[in-house]
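Have a look at the structure below before the remarks.
The values are calculated or read from the model by the stated rules, or taken from the named source; none is laboratory data. In this text, all values refer to a predicted model and were calculated from it rather than measured experimentally. All Cβ positions, even for glycine, are placed from backbone atoms using ideal geometry, and neighbour counts span all protein chains on display. Note: accessible area is taken over every heavy atom of the protein model, side chains too, but ligands, DNA and RNA are not part of it. Shrake-Rupley method; radii C 1.70, N 1.55, O 1.52, S 1.80 Å.
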Amino acid sequence: MYVGEFLLWFGSAIKAETRKKLKMGYTSGDMTLKEVQKNYTQESVSNNPRPIGPYYAYNDRYLEIRGGMFENFRGILTWISLLIFFIPYSAGYLSLGIILDLCMDEVTNKGSAYFAMTIVSIIFFISTYLCIRYFRYIYRFELFTIRHIRVRFNRITRQVYIQRPKYCGGTVVFKWEHIMPSNFGETGSDMGGTNVVNLFTFHPYKTGFPVAQSVGIGKNTYHAQDYKDEWEFIRRYMEHGPENLPKPRLSTHLPMPFHGFEGHIKPMIHALKNAPTAWVYLLLVPVFLILLPFYTVGYFISECLCWQPRWPKVIRQAGKVGKPTPKETTLADYPPKVQQALLDSRLQWCVRDEKTGKLVDYGNS
């Protein structure tokens, strides 16, 4: 489910006139000078680097991990979408059945048959139009889109590549040194019991891009130390190589029935553990037994109805001898209207000098 990625991108790339119509203001993402100047890739935050994953690739040149902020909710929109798709499907099926009956002269009352065919045909065309024209902005979060967001860390080029759908900002390239952990340390708090993924930000102070871009990686967790352990695993891989690090178990890009099981069962188990009374516990168990297969099957259907595109050739070859280094993402990589929207949103990412209390002019104003 790419709702989180879409909202982050939408908040920065929304056109000024659309923002005005929706009565949306600009949010403040001010950070201190100390936070944005720090190189987070040089500081160790854990003595227990762990590859929590899921990982798709791991070698001497790069590692690749799954991205996505709300993967544990994936499957909900799939069932809602299939239910809505059933309207044009059933109308088209009935209309085709009536047409075949008329052609084979198996209808006694042709006037009623023509009337019924007209009604269901109208329903079919209207519902199909509405699904294509408007509802596609909803079902594309889980269906007929990229199967999984991927994040590749290339230790040879010292770059981070993020593969996202175009409506979430598309594929981007940033320097490794510009990455900023958001769940702990200078830029965040030690988050525990939150059931979120490890979140990283590329701030415009470092990248030169008008707005910040963020990406969530790996699995949701309830333990604050998990964020640090996985970040430390990635940090040591990029800084020192794969030696002396545990080798992660690799997952597949292909749809698998069990992929959604863990992501759905963990929050259920957490809710059961925190049930205030035994009665609540007994009520939650049968509910979860019904919801778990429902969510898991929806996740699998979502995977089957999506695809996993290849990385651009320059990223696939990045780090090989004699191959070019991918160009970092800049404002010019986007269409003119999107560029203007991003420029309009750049003031949301101000930097304040914690000593003087004044805003720092770093070319983003």
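Across the stretch 228-299, the volume of the C-alpha convex hull divided among the residues equals 117 Å³ per residue.
Taking THR329, THR128, THR207 as the candidate residues, the one with maximal mean-square fluctuation in a Gaussian network model of the chain, Cα springs under 10 Å, is THR128. If R0 is 41 Å, the Cβ-Cβ spacing of ALA116 and ALA57 corresponds to a FRET efficiency of close to 0.15.
Where [x] 139; [y] 155; [z] 212 are the candidate values, the label of the one calculated here for volume of the Cα convex hull per residue in Å³ is [z].
On a 27 Å Cα-Cα criterion, which of the cross-link pairs LYS219/LYS327; LYS20/LYS327; LYS175/LYS228 come out too long? In this structure, LYS219/LYS327; LYS20/LYS327 exceed 27 Å between Cα atoms. Projection of the Cα convex hull of the stretch 6-136, averaged over all directions and equal to a quarter of that hull's surface, yields 16.5 nm². With respect to the chain, whose longest principal axis is taken over its alpha-carbon atoms, helix 76-103 is tilted by about 30°. With all protein chains kept in place, the per residue accessible area of the chain amounts to 52 square angstrom at a probe of 1.4 angstrom. If you build a Gaussian network model of the chain, linking Cα atoms that sit under 10 Å apart, which residue out of LEU284, LEU102, LEU199 swings the most? Sorting by GNM fluctuation, first place goes to LEU102. Given +1 at the Cβ of Lys and Arg, -1 at the Cβ of Asp and Glu and no other charges, the dipole of the chain around its Cα centre is 860 debye to the nearest 20. Only protein atoms count toward the accessible area here, which uses a 1.4 Å probe; on the chain, the carbon and sulfur part of that area reaches 64 percent.
For the residues GLU35, GLU328, GLU354, a GNM of the chain with alpha-carbon springs under 10 Å puts the largest fluctuation on GLU354. For LEU283 and TYR167, a Förster radius of 35 Å and the Cβ-Cβ distance give a FRET efficiency of 0.35, rounded to the nearest 0.05.
In what sequence, highest mean first, do 146-159, 303-316, 18-31 appear when ranked by Cβ atoms within 10 angstrom?
For the peptides 146-159, 303-316, 18-31, the packing ranking is 146-159, 303-316, 18-31.
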